[in-house]
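Read through the structure below, which is laid out as structure tokens, and then see the notes.
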Amino acid sequence: MNNVSEPPAAPTVPLGGSLEKLREHIGAAARLDRAAALDAWLTEIFPGHLPGVSLLAVGGLGRRDCAPYSDLDLVLLHNGTAGIDRIASALWYPIWDARLGLDHSVRTLPEALSVAHDDVKVALGLLDARHVAGDAALSGELIAAAGDQWRRTAVRLMPQLKEITTSRWASHGELAFLLEGDLKEAAGGLRDVTILRGIGRAGVADTMRPAVRAAGLRLLDTRDALHLAVGRRVDRLVAQERGTVAELLELEDGDALLRRVAGDARTIAHAVDDAWRAADRLRVRRRGQTSGPPTRRPVARDVVEQDGELVLARTAIGPVPDPSLSLRVAAAAATVRLPIARATSEWLAAFCPPLPTPWPAAARAALVSLLGSGPGLLPTWETSDRYGLIDAWLPEWARMRSLPQHHPVHRFTLDRHLVQAAYEATAYAREVDRPDLLLIGAFLHDVGKGLLGDHSIVGAPIAADIATRIGLPPADVATIEKLVRLHLLLPEVATRRDLSDPLTISTVAEKVGDTATLDLLHALARADAHATGPAAWSDWKGRLMAELVRRVHTALDTGELPEPPAPDPELLEGDLPAVHLDGDRVAVAAADRRGLLGAVAACLAMHRLDVVGANASTVDGRAIVEFFTQPRYGSPYDPVALAADLRRVAAGDVSVTQRVRARAMSARGGTAEPRVVWQRDVATDAAVLELRAADSAGLLYRVATALDEAGATVRAARISTLGGDVVDAFYLVGPWAEQAERDRVQAAVLAAV
């Protein structure tokens, strides 16, 4: 055994440097060079040339595709050699000293094969095993035996592998549609390339076609660039690194990078789906559950099931196929939740004629059936998109495919968001008179994104053109256009306006026009929010929208505006101060004085409660403030302690606000400049000041205090948080016609932010 007091230095990737220098470490050649350097270093630190002991690389180093800051995956193999623990320590410690990540195991050949026999992840890993140092014959024995064992047991292990993979996908999502996806673990990522390689090695299917190989290589290049941009191991492509990664890959911008990643991830994910189906068919045949020619079962007109896939009936393949055939096949596949066979998809893409304008009724019905198919929609739509069928139905789709949405509340690219919105809309189909228009409206609501201007305004005529092309009658086309133009109306009014103000209700009623459209907009708003992501929805937002819809319904049904809610009688009587806690509602009554709104907001911030709405009024000399709250990050609060602090604040104790003031002032932040917008003609008896700024701790307290010190009386406040930004509306009572007064108050608010 070698006695080396100073092990040779590990090969490293230089930090920093010009883009040209960093680009030298990206690509297949650079990965081979890194693998060769690591091999040489590991050979030098390997403790001697003992018979019956060898070192094998698995994972990225085994495949020679290790990224700049990848971990090392190593197996120390032995045949029962005495003192193997000492040998292992002599090897592992130099690696740890070099601060390299290490995943290691020490096994005999029978142990390695035994673990691989029952653990599919270990079995897959051994397929990448490569000899690095020591007894080459021993390494070769394991490599050959592991490959042979995999070919014999792979079909049996496929269900286990599929379960693990599906669980991983559920945790990490689909790389093709995520704005900040994990290049390795998400569906369609590098982990799936390893799975495809393993399935191919088992002889189950031809998984590594040229398109898949090319997609895998491009994802490896992207991961190389990401490691170099960050200077450490990281696999999640976050927004702040996209620009640098795109530059390193010589792409136009971060959006071009996302589109490339999305295309590659789709190619890989689709290949995995094909591989699973091939494995399922092989397992069924080996169990002897089928014999003779495959059974064909009619599913829909011109569509039959064969071997768990949908194929065309023989009668469908004529000299001139029906133009609606591809849509009808997709609708059938989504409805019965079976995949379309690859050969069938290719045939439809090559031979199905274009749809006429307007579409025939069969095509229009198939589109509605497809959009309303529920869980079957997403995989069927993706298959149809991969083979170019969607572009034939909707030429506008090419512009929207893989288009990033940069607002932090969005989790999906635009194309996936639209399909997801249609999927979410099925939950509300029974609440509306025209579920077909709800599905089409949900699918088209954001078609204006990516174009200049307000996407609701820009998208309305585009949606109308599409609705006309698919054959909807003029009245339905007008409804679709209105749904797209007004799809943000309900959530924006519900979260930013005072719903007790008659002008709020009459304005919405006038824009909507009728109760059928109101119901469609309500369903669409909820579907859109759920398709956007968790940050776009809350129970409080849902209740606000429901209350707005109820009030507007009353106005449209009766022609009369609903009466504003009466003050809480419990706050109008009894001793002062009075505090009432009721779920997410916090109400405080005190002797009339200025600053109560800001003081209570400070107390709520100290107890980690976020405010989503507030009302303030003065009745018979009593100042009454009512807040609607939600716990920050879902953390619980102590209602007894909160009530005690609220009573102290209402009684004029300034110690609470002093503690929050210091914390709030240090929490100011945000990269974009805050902005104040005066909303005109949206309130009956108040001017509405709307603040658009970055969210931060104590923001409402600071703004409410600034308004109070500037002499402004706040009647109501609506707090709307969108990711890291807020849009807070303050109803200010008093004479606000003079521009000088508005400028003074606006300056005070901006200074506080």
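The values are calculated or read from the model by the stated rules, or taken from the named source; none is laboratory data. Owing to the predicted nature of the structure, the values given are computational and were not obtained by experimental measurement. Counting neighbours? That spans all protein chains shown, and the Cβs are built from the backbone with ideal geometry, glycine included. Each accessible area value is taken on the protein alone, full model and side chains, heavy atoms only, with ligands, DNA and RNA left out. Shrake-Rupley method; radii C 1.70, N 1.55, O 1.52, S 1.80 Å.
Here are a few things to note about the model shown:
- Residues of the stretch 166-198 satisfying the condition of being of a type in the set (Asp, Glu) and modelled with pLDDT under 95: Glu174, Glu180
- When residues of the stretch 66-83 are limited to those that are among the aliphatic types (A, V, I, L, M) and open to solvent by less than 20 Å² (accessible area, probe 1.4 Å), the one nearest to Arg236 (Cα to Cα): Ala67
- Scope the stretch 126-184; condition within 18 Å of Asp273 (Cβ to Cβ) and of a type in the set (Phe, Trp, Tyr); matching residues: Trp169, Phe177
- Residues being under 23 Å from Arg337 (Cα atoms) and in contact with a Lys or Arg (Cβ under 7 Å, 6 or more places away or on another chain) are entirely absent from the stretch 391-407.
- Criterion: open to solvent by 50 Å² or more (accessible area, probe 1.4 Å), within 28 Å of the chain's Cα centre (by Cα) and under 25 Å from Asp685 (Cα atoms) - qualifying residue of Glu510, Glu492, Glu481: Glu492
- For the stretch 461-478, the set of residues classified as in contact (Cβ under 8 Å) with a residue 24 or more places away in the chain and open to solvent by 60 Å² or more (accessible area, probe 1.4 Å) consists of Thr468 only.
- Checklist (1) open to solvent by 10 Å² or more (accessible area, probe 1.4 Å); (2) assigned to a helix (DSSP H, G or I); (3) touching a Phe, Trp or Tyr at 6+ places or on another chain (Cβ under 8 Å) applied to Arg233, failing item: (2)
- Qualifying positions in the stretch 427-460 - over 20 Å from Leu518 (Cα atoms) and either of a type in the set (Ser, Thr, Tyr) or surrounded by fewer than 20 Cβ atoms within 10 Å (Cβ to Cβ) (or both): Lys449, Gly450, Leu451, Leu452, Gly453, Asp454, Val458
- Whichever residue in the stretch 39-87 is among the polar types (S, T, N, Q) and touching a helix residue (DSSP H, G or I) at 6+ places or on another chain (Cβ under 6 Å) and, among such residues, is farthest from Ala133 (Cα to Cα): Ser70
- Test: Gly173 is within 22 Å of the chain's Cα centre (by Cα) and on the phi < 0 side of the Ramachandran plot: no
- Ala664 falls short on exactly one of the conditions (1) modelled with pLDDT of 80 or more; (2) open to solvent by less than 20 Å² (accessible area, probe 1.4 Å), and that condition is (1).
- Looking only at residues in the stretch 96-110 that are under 18 Å from Ala129 (Cβ atoms) and of a type in the set (A, V, I, L, M, F, W, C), the one that is most open to solvent (accessible area, probe 1.4 Å) is Val106.
- Here is the figure for the stretch 161-201: residues that are assigned to a loop (DSSP other than H, G, I, E, B) and β-branched (Val, Ile, Thr) total 0.
- The requirement of being closer than 25 Å to Gly147 by Cα, out of contact with any strand residue (DSSP E or B) (no Cβ under 9 Å at 6 or more places or on another chain) and open to solvent by less than 20 Å² (accessible area, probe 1.4 Å) is fulfilled somewhere in the stretch 206-214, by at least one residue.
- Of all residues in the stretch 258-279, exactly one satisfies the criterion of being open to solvent by 50 Å² or more (accessible area, probe 1.4 Å) and either over 21 Å from Leu179 (Cβ atoms) or modelled with pLDDT under 90 (or both), namely Asp273.
- Residue list for the stretch 245-257, restricted to those being within 16 Å of Glu180 (Cβ to Cβ) and open to solvent by less than 10 Å² (accessible area, probe 1.4 Å): Val245, Ala246, Leu257
- Taken together, the residues in the stretch 202-227 that are assigned to a helix (DSSP H, G or I) and over 28 Å from the mean Cα position of the chain (by Cα) amount to 1.
- Residue that is closer than 22 Å to Asp728 by Cβ and either at pLDDT below 80 or not polar (S, T, N, Q) (or both), where the choices are Val656, Val619, Val579: Val656
- Summed over the stretch 714-738, residues that are without any contact (Cβ under 8 Å) to a residue 40 or more places away in the chain and either of a type in the set (Val, Ile, Thr) or closer than 15 Å to Gln679 by Cβ (or both) total 3.
- Taken together, Ala37, Ala123, Ala133 contain a single residue that is open to solvent by less than 30 Å² (accessible area, probe 1.4 Å) and under 43 Å from the mean Cα position of the chain (by Cα), which is Ala123.
- Filter result for Gly595 (buried (at least 17 other Cβ atoms within 10 Å of the Cβ) and more than 30 Å from Ile457 (Cβ to Cβ)): yes
- A single entry from Leu499, Leu520, Leu486 fulfils the requirement of being open to solvent by less than 40 Å² (accessible area, probe 1.4 Å), touching a helix residue (DSSP H, G or I) at 6+ places or on another chain (Cβ under 8 Å) and at pLDDT below 95: Leu499.
- Here the condition is being open to solvent by 10 Å² or more (accessible area, probe 1.4 Å) and closer than 30 Å to Gly533 by Cβ; of Leu183, Leu179, it holds for Leu179 alone.
- Residues within the stretch 98-135 that are aliphatic (A, V, I, L, M) and closer than 17 Å to Ile84 by Cα, tallied: 4
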